[in-house]
Amino acid sequence: MTATAHSGAAALPVRQGEKRWTEAEITEIRDQLVAEATALRAEIDRAESDIASRLGDAVGDAGEDQADVGAKTFEREHELALTHNARELLAQTERAIARIEAGTYGTCESCGNAVGKARLQAFPRATLCVACKQREERR
């Protein structure tokens with residue numbers, strides 16, 4: 001079953017045997033996602049500020065012990081990796097919010113079947129049903 005925009009929670013797909021979505025459940029998930037997106041944006045801003053200050057420190061590192069320079073380089077790369085991961089999570093979160101607003105939340109992007117209400121309650125950013133996700137991970 002494919003939901004259309006503004007069709008409400010009851011029109012969102014569920015797996016056989018699952019109860020239909022309620023407006024309260026979808027509102028709760030959406031609010032959770034919005035709060036996570038806000039926190040991720042703040043985390044990214046803080047991390048980018050830290051990275052910028054560390055990059056500025058790199059100029060002053062000339063003449064330092066190689067071990068110190070290596071440790072600082074490792075810290076910068078670690079911050080960059082964490083920031084990249086936060087950006088990816090933010091993109092997934094924003095995508096889930098957009099899917100809720102478009103009425104397509106809960107539809108597997110691969111096969112078009114229901115992702116599963118229980119799966120989405122555990123992992124609200126899921127875009128694939130269990131079978132498609134398992135198939136993707138085997139590749």
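The values are calculated or read from the model by the stated rules, or taken from the named source; none is laboratory data. What you see is a predicted model, and the numbers here were worked out from it, not measured in a lab. A quick note on method: Cβ atoms are made from the backbone with ideal geometry, for glycine too, and the neighbour counts reach across all protein chains shown.
Taken over the range 11-22, the criterion of being at pLDDT 90 or above and more than 22 Å from the chain's Cα centre (by Cα) is satisfied by ARG15, GLN16, GLY17, GLU18, LYS19, ARG20, THR22. Does the range 23-66 hold any residues that are modelled with pLDDT of 95 or more and polar (S, T, N, Q), and which are they? Matches in the range 23-66: THR27, GLN32, THR38. For the range 102-139, the set of residues classified as of a type outside the set (S, T, N, Q), surrounded by fewer than 18 Cβ atoms within 10 Å (Cβ to Cβ) and touching a residue at least 40 places away in the same chain (Cβ under 8 Å) consists of ALA102, GLY112, ALA118, ARG125, listed by residue number.
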